[in-house]
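Reviewing the structure listed below.
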């Protein structure tokens, strides 16, 4: 099912969430409102002592037939700055595909990878799961390069960033043990 095409530059889509926790129903209502007016929303998870922050789009699949996007391991404002322009490109039919590298959307180079289905049983994409119900649309991971332009799969990738981004293109069972596999196995 596809919703009609929405205006994707509205102010509601550009605002970051803030203030006290509105509760799950109000939070989902905010996401539904943004998807209805813009075509997508970008919820985020602040992270904690165990996991870095992450953010992902909700609604690209329903509104435009494009896989939703997820990015990890930077402050939420930077993650939104990564995802939002790519959502705009998807909405404008300026697509990108798995394996593409993008150098004009964010100061760091970006690469697009497919999220393996085994990660979809984890609660990492809870707002997407609630929005779509039983449907699990495809999600693509937007991977950012380190300051030298290396990606996590490159031998010279900065070792201190090794746990910042999961490698969701790998099945959960094949992913190196750590923060992200613990998150994937939580009920």
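Put in order of Cβ neighbour count within 10 Å, fewest first, the listed residues 58, 115, 172 become 172, 115, 58. Estimated at 0.36 nm per residue, the fully extended path between residue 173 and residue 134 surpasses their Cα-Cα distance by 11.7 nm. A full extension of the chain between residue 163 and residue 126 corresponds to an added length of 11.2 nm, given 0.36 nm per residue minus the alpha carbon distance.
With axes computed from alpha carbons, what is the tilt in degrees of helix 24-38 against the longest principal axis of the chain, rounded to the nearest 10 within 0 to 90? Helix 24-38 sits roughly 80 degrees off the main axis of the chain. Specify the residue with the greatest mean-square fluctuation among 59, 73, 49, computed from a Gaussian network of the chain linking alpha-carbon atoms under 10 Å apart. For the chain, modelled as a Gaussian network with Cα springs under 10 Å, the answer is 49. If you take the alpha carbon atoms of the chain and fit the smallest convex hull around them, that volume is 122 Å³ per residue. Using a Gaussian network model on the chain with a 10 Å cutoff between Cα atoms, which of 46, 110, 32 fluctuates the most? Of 46, 110, 32, the most mobile in the Gaussian network model is 46.
In the elastic network of the chain, a GNM with C-alpha springs shorter than 10 Å, the most mobile of 26, 71, 80 is 26. Computed from the C-beta positions of residue 27 and residue 50, the FRET efficiency with R₀ = 35 Å rounds to 0.95. Between the C-alpha center of segment 99-152 and that of segment 162-187 there is a gap of 13 Å.
Since every read-out is calculated from the coordinates, none of them should be taken as a lab result. Keep in mind that what you see is a predicted model, and the values were worked out from it rather than measured. With ideal geometry, Cβ positions are generated from the backbone for all residues, glycine too; neighbour counts draw on all protein chains shown.
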